[in-house]
Structure formats: C-alpha cells, structure tokens
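One structure is given here, and the rest of the page talks about it.
The values are calculated or read from the model by the stated rules, or taken from the named source; none is laboratory data. Predicted model, so just to flag it, every value in this text is computed and none were measured. Note that each Cβ is placed from the backbone with ideal geometry, even for glycine, and that neighbours are counted across all protein chains shown.
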Amino acid sequence: MNGEGEGPRPDKSVDPGPKETESQGELFPRDSFSSGPAAEEPKIKRLVYPIWTENKAKLIERYLYYFVLITKHGTYIDGFAGPQKPGKPDLWAAKLVLESEPRWLRHFYLFDRRRAQVARLNHLKAEQPTTDAYGRLINREIRVEEGDFNVLVHDLLRSGRISGTEAAFCLLDQTTFQCHWSTVKALSDHKAEGEHKIELFYFLATGWMRRALCAVKTGKILENWWGRNDWAKVREMQPLEISQELVRRLKEELGYESVKAWPIYERQSGGRIMYHMIHATDHPHAPHLISRAYDRAVQAKESPEQCLFDFAEDLKEI
Ligand SMILES: C[S@@+](CC[C@H](N)C(=O)[O-])C[C@H]1O[C@@H](n2cnc3c(N)ncnc32)[C@H](O)[C@@H]1O
C-alpha cells in the first residue's frame, strides 16, 4: 500500500465524468454525488465547475478561507499532513491552509507517521512569517508531530487544547485505509452536545478503491478502517456504494447534520472520479460555504469584502 506519492492506478470501472448541462443532477450524475436523504440535507446552489485532483487541496483552503472570514479564529488539524507530491508544494493542503490570508486560524496540529514527511512539515513551519505586513506578531501555534494519527489524535483531544467554542476542522487525507473509524468517531464525539462538532474533510480513494481492496492482505486493516465487524462486506461493494454508506454512517452513527460527498475528478475535462471528499458538519452555514468553495476553488480568490457582501446575501435566510 502506498504511504506517499500517487496511489495505485485507478479502477477503470468508475467513470462517470462530468458533463456541462443544465442542472446539478445532470452536471454531477446522480451516482457521483452522494449525500444523505435529500429531505434532511440543506439545499445548495447548482454547481458549475467540477474539481479535479490537482485542486483538491485548493478546495480545502478556499472553504477555510470563507469560514474564517466568519469565525475570525479556528483550529486546523491535519492527520495525514505530509505532502502527497513533495515536488509540487502548491498542491499541498497544509501549506495552502497555513499560508492563506488573513492568517486568522490560530492553532495548527499537523501529523505524519513518516520521518521524511515530518521533516517537510517542520521545514514548512520554519518558513512561516512571525509578523504580519504591519510588523505585528502573528499569534499562532503550529505543532508538528511524528507518529500514527490514530494514536496521537486521542492525546490531542485529551489535552484540552480544543475547547467547545473553538471552530475546529480536521483534514483526513488518507491514501487508502489509513484512517481508523475509531479516529473519525473520536473527533466527532469530542465536543459536548450543543457545541459545534469538529468538522471533517474525509478523503475516500474512490478511483483506486477496488484495486486497493484486492491488494489488502490482512483483514485487520479493513476492520480498523471500517470500524465494524461487517468489514468483509466492503470487498463486495462498489466504490460509490462505499462512499454513500460512509455518508450515511457519518450522519446516523456519528450525528453530523450535513454530510456530502464531493467528487474530485481525474482531470479538468472530467474522466474518472478519483476521490470523494466527504464533508461532515453541523454548522448551518457550512453547506453553503463548501458549495461555494467547490464552485470557485480554481478561480481567483474573491476579496474578504466581496465574500462578506455575498455571504450577507447568501446566508441571511439561514
Ligand atoms: C495522501 S498523503 C497526504 C497528502 C496531503 N494532505 C497533501 O495535501 O498533499 C498521506 C500522508 O499520510 C501519512 N500517513 C500514512 N499513515 C499515517 C498514519 N497512520 N498516521 C499519520 N500519518 C500517516 C503518509 O506518510 C502521507 O504523508
């Protein structure tokens, strides 16, 4: 199994590429965009531009840019944070999020189990400016930790660093089956009732799922990943069914109010779905912001003033 670099070659049986047509349903074929029961999901605007693999990190960055304009603070946890393509730093989520302006995310917890990746993360940390354009100190904490996130996540959550009122986001950008379900559950359960849950960006390797499932030799890997004793049935499921089942479980087992699986295509013109980015949130504004981010991640960033003007229009009915 790959820990770094590109995953195994994608499964050619998954090929519902996007088409430029009138409605969201047609632009994103029904099977490619999975969410929970339609009646329970917040409505979002029609989507225009699909995201392709090279922009998956930009989607996360753009969403956090929007969110932080509203919250003015926040914590970013990245469980599998080393760069997928070390030679292409502009595709690296941790770097894009760290360097996004305004630098209002205050706490960063970046994990990777590979020493070379941790060295890259430490280098990235060292490159960050300590003062802003006016010479004022940037009040930020950036922690890089080496080890298995499935273990270290519990130390972070127990540490008391993520309070109930803190807006917190966790990127789970695993290559295939590295992120244990118990880790997802621990993040989901961290906040008390009535507080906003830690939001999740969970990457599912839809494009090479079948090949990866065939390559897994030990059941324990799938058992940890799936987190239930019916894990063996995953081998019989289609990648899109797995995505839909994860969406359902994030809602029904973990209690997230909105969960949507956003397709990430192979290339700009479409092709296979390589990933689903499953976004789980209980914040009422989040579904609109992620929809806007998906639509605009590859375009030039709007100014904070423009965003806040648009948000006032978009979000006033919520
Ligand atoms: C797909 S890459 C992450 C890509 C990154 N988000 C980016 O934007 O380029 C997955 C990373 O997870 C790391 N990793 C794999 N298993 C891990 C584990 N159990 N705990 C922490 N890191 C792990 C790998 O070393 C690799 O750096």
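Could you tell me whether MET237 is farther than 21 Å from TYR109 by Cα and crowded, with 21+ Cβ neighbours inside 10 Å?
no
Among the residues of the stretch 85-110, not one is of a type in the set (S, T, N, Q) and within 13 Å of the ligand (Cβ to nearest atom).
Scanning the stretch 62-95 for residues that are of a type in the set (D, E, K, R) and part of a helix (DSSP H, G or I), which turns out nearest to ASN150 (Cα to Cα)?
LYS95
For the subset of the stretch 248-269 comprising residues that are farther than 24 Å from SER182 by Cβ and touching a strand residue (DSSP E or B) at 6+ places or on another chain (Cβ under 8 Å), which member is surrounded by the most Cβ atoms within 10 Å (Cβ to Cβ)? Filtering first and then ranking leaves PRO263. Pairs meeting the criteria (first residue in the stretch 71-96 and at pLDDT 95 or above, second residue hydroxyl-bearing (Ser, Thr, Tyr) and outside any loop (DSSP other than H, G, I, E, B), beta carbons under 6 Å, at least 6 apart or on different chains) are ILE77/TYR109.
Being under 22 Å from the mean Cα position of the chain (by Cα) and in contact (Cβ under 8 Å) with a residue 24 or more places away in the chain is the filter here, so list the residues in the stretch 300-310 that pass it. Let's see the steps before the verdict.
From the stretch 300-310, those under 22 Å from the mean Cα position of the chain (by Cα) are 300-302, 307; that's our starting set.
Hits for the stretch 300-310 are LYS301, CYS307.
Among the listed residues GLU313, GLU302, GLU245, which satisfies the condition of being surrounded by 15 or more Cβ atoms within 10 Å (Cβ to Cβ), more than 14 Å from PHE67 (Cα to Cα) and out of contact with any Cys (no Cβ under 9 Å at 6 or more places or on another chain)?
None of the others qualify; the one that does is GLU245.
Taking the criterion of being surrounded by fewer than 16 Cβ atoms within 10 Å (Cβ to Cβ) and over 25 Å from ALA126 (Cα atoms), the residues of the stretch 138-175 that qualify are VAL151, HIS154, ARG158, GLY160, SER163, GLY164, THR165.
Inside the stretch 192-230, residues that are surrounded by 19 or more Cβ atoms within 10 Å (Cβ to Cβ) and not in a helix (DSSP H, G or I) make up a count of 9.
Quick one: how many residues across the stretch 198-216 are over 17 Å from CYS170 (Cα atoms) and either more than 13 Å from the ligand (Cβ to nearest atom) or not aromatic (Phe, Trp, Tyr) (or both)?
11
The sole residue among GLU253, GLU266 that is more than 24 Å from ALA93 (Cβ to Cβ) and acidic (Asp, Glu) is GLU253.
The set of residues in the stretch 235-258 being of a type outside the set (Lys, Arg), closer than 25 Å to ALA215 by Cβ and not in a loop (DSSP other than H, G, I, E, B) consists of GLU236, PRO239, LEU240, GLU241, ILE242, SER243, GLN244, GLU245, LEU246, VAL247. The single condition among (1) within 13 Å of the ligand (Cβ to nearest atom); (2) buried (at least 20 other Cβ atoms within 10 Å of the Cβ) that LEU187 does not meet is (1). Checking PHE203, PHE149 one by one, the residue that is within 21 Å of TYR65 (Cα to Cα), touching a residue at least 40 places away in the same chain (Cβ under 8 Å), in contact with a Phe, Trp or Tyr (Cβ under 9 Å, 6 or more places away or on another chain) and among the aromatic types (Phe, Trp, Tyr) is PHE203 and no other. One residue is enough: does the stretch 96-114 have a residue meeting the conditions surrounded by fewer than 20 Cβ atoms within 10 Å (Cβ to Cβ), of a type in the set (Asp, Glu) and not in a helix (DSSP H, G or I)? Yes. Listed by first and then second residue, the pairs with beta-carbon distance under 8 Å, at least 6 apart or on different chains, first residue in the stretch 116-127 and under 12 Å from ALA94 (Cβ atoms), second within 11 Å of the ligand (Cβ to nearest atom) and assigned to a helix (DSSP H, G or I), are LEU121/ALA94; LEU124/ALA94; LEU124/LYS95.
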